[in-house]
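This report refers to the structure that appears directly beneath it.
The values are calculated or read from the model by the stated rules, or taken from the named source; none is laboratory data. Just so it is clear, the structure is predicted and the values come from calculations on it, not from any experiment. Heads up, the Cβs are rebuilt from the backbone with ideal geometry, glycines too, and the neighbour counts pull from every protein chain shown. We work out accessible area using only protein heavy atoms, side chains counted, and drop any ligands, DNA or RNA first. Shrake-Rupley method; radii C 1.70, N 1.55, O 1.52, S 1.80 Å.
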Amino acid sequence: AARDALTAFVDRLDGDVQVALRVYGHTGSNTPAGKPESCRGTALVHPFAALDPARFRAAVGSFEPKGWTPIAAALEAAASDFPADA
């Protein structure tokens, strides 16, 4: 559902926008043993750049969710994703 929503979102954007994509919960596993790694798992898979729909879709398709969702860690990391002049 998230992939479909992101694809629909990017299809509605103007070509001159800057976009980025950070993912989380894509490492480890959804088992208790995999939780520590999964809860540290966040990555910037598409740094801010002018919209290239094909490149953005490829970034969306480049990972698989594992079950744990470290949203707080992803939000903290996202603060450093923005360009210094933004």
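Things worth noting here:
- Region 1-84: chymotrypsin sites (Phe, Trp or Tyr not before Pro) falling in loop per DSSP and having at most 15 other Cβ within 10 Å: none
- The phi torsions of region 62-69, fed into the Karplus equation with coefficients 6.51, -1.76 and 1.60 and a -60° offset, translate into couplings of 8, 9, 10, x, 10, x, 8, 10 Hz, rounded to whole numbers, with Gly and Pro shown as x.
- Near G34: Cβ cut-off under 14 Å, other residues only, Lys/Arg at +1 and Asp/Glu at -1. The net charge is +1.
- Accessible solvent surface per residue of the chain, calculated while the other protein chains remain in place, 1.4 angstrom probe, Å²: 63
- To put it simply, the accessible area of the chain at a 1.4 Å probe is 58 percent carbon and sulfur.
- For region 27-36, the Karplus equation 6.51 cos²θ - 1.76 cosθ + 1.60, evaluated at θ = phi - 60°, returns couplings of 10, x, 8, 8, 8, x, 5, x, 4, x Hz by residue, with Gly and Pro reported as x.
- Listed residue (A5, A59, P36) projecting farthest to the positive dipole end of region 1-77, Cβ model: P36
- Relative contact order %, the chain, counting alpha carbon pairs below 8 Å whose residues are six or more apart: 35
- Extension gain, A20 back to R57 (0.36 nm per residue minus Cα-Cα distance, nm): 12.2 nm
- Sum of side-chain charges, L44 neighbourhood, beta-carbon under 10 Å (Lys, Arg +1; Asp, Glu -1): 0
- Take the Cα of I71, step 7 Å toward its Cβ, do the same at A43, and the gap between the two points is 2.3 nm.
- A simple rule links phi to the HN-Hα coupling: the Karplus curve 6.51 cos²θ - 1.76 cosθ + 1.60 with θ = phi - 60°, which for region 71-78 gives 5, 4, 4, 5, 5, 5, 5, 4 Hz, with x for Gly and Pro.
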